[in-house]
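The values are calculated or read from the model by the stated rules, or taken from the named source; none is laboratory data. Only a predicted model underlies this, so the values are computations on that prediction, with no experimental measurement involved. As a convention, Cβ positions derive from the backbone with ideal geometry for all residues, glycine included, and neighbour counts pool all protein chains shown. Heads up: the accessible areas ignore ligands, DNA and RNA and are worked out on the full protein's heavy atoms, side chains in. Shrake-Rupley method; radii C 1.70, N 1.55, O 1.52, S 1.80 Å.
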Amino acid sequence: MSSPTGPASGLPVRMPRPRQPGRHRRPEPVTAPAGAPPLVLAVPGTPDTTTRRIAEESLSIARSELPGLDARVGYLDAPADADERDFPALDAVLSRTAAERTARVGDAAETWAQAPDAVVVPLLAGPDSSVVRRIRQSMMSSGSAGELTDALGPHPLLAEALHVRLSEAGLARADRARLFTVATAADGIVLATIGGEEAVQTAGITGMLLSARLAVPVLAAALDEEGAVARAADQLRGSGSRNLALAPCLIGPEVDGALTEMAAKEAGCAAAEPLGAYPAIGRLILAKYADTLGISTQPAPATAPAR
């Protein structure tokens, strides 16, 4: 057992490992710059405990990649009677970031004098003009001079996440290199999204990356367009696919899960789970923030000492 002052006598004591000198020294970890604007994750959809878990886990991943990151959550559709500690409204979070800007002092404030009050990252796998419009309205009503980033996709990391969700549902091989088969593996994928034609085109890019990973055809279709998923399924069957799967190119909070289930039933195929808090989501959120501010999240390479 351990005492308040350390391990009990006779137990080994873990000592900090000394830093390795010279060219093989590990690079210093990158931390968030002092005084940098906060990252505000704008979460669409009606909030619930599942939505909160996805948002918090995603930001936890972002913080682990960039220690010291000031990351917050704002819900676009927070109920008026919701506890602000559980589901803070986006406009209220942005109002606080605007007020806090005036409190920044010292050299850090000088460094970030021209920076936005906050960097707002929408929790969207692809573009959705109606959601983006509402986020902008919240930014305007809050008085925040924040900067809104694009959606997280398209990106190879989203294709990776889709592959994992399909494999978890038994609808795809987890690893082609291992050459084992899955009896229920799909030979055609309908990639479901929401947000209109722009979202379908964007999902189509991620779909091409997914198709390259799985070596099966992938077609993107809009969940919010009646019959679009069923038409995509018919097109895949017409080209020879027989065992189809629906892969939601969605994080989760932005759509009612019943809509995905209904679309899969109409298309006559099984469905994977939405992306949720897959680790790639947190990394993409951080990448949008870092790119906006010009922050590097990679440690500088160690250099050999001058001789």
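Table for the structure above
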| item | result |
| --- | --- |
| Highest-first arrangement of 217-230, 149-162, where packing means the average Cβ count within 10 Å | 149-162, 217-230 |
| Solvent-accessible area per residue, Å², over region 220-306 with all protein chains present [probe radius 1.4 Å] | 47 Å² |
| Cα-projected label distance for GLN201 with ALA145, points at 7 Å along beta-carbon direction, nm | 3.3 nm |
| Packing-based order for 51-64, 75-88, using average beta carbon neighbours within 10 Å, highest first | 51-64, 75-88 |
| FRET efficiency, THR50 to ALA92 (Cβ-Cβ, R0 30 Å, nearest 0.05) | 0.85 |
| ALA34-ASP83 pseudo-label distance in nm [points 7 Å out on the Cα-to-Cβ vector] | 3.6 nm |
| Probe 1.4 Å, all protein chains present, accessible-area order of THR260, THR297, largest first | THR297, THR260 |
| Size of charge dipole - region 150-262 - debye, nearest 20, with Cβ of Lys, Arg +1 and Asp, Glu -1, no other charges | 740 debye |
| Cα extents of region 116-269 along the three principal axes, largest first (Å) | 55, 35, 22 |
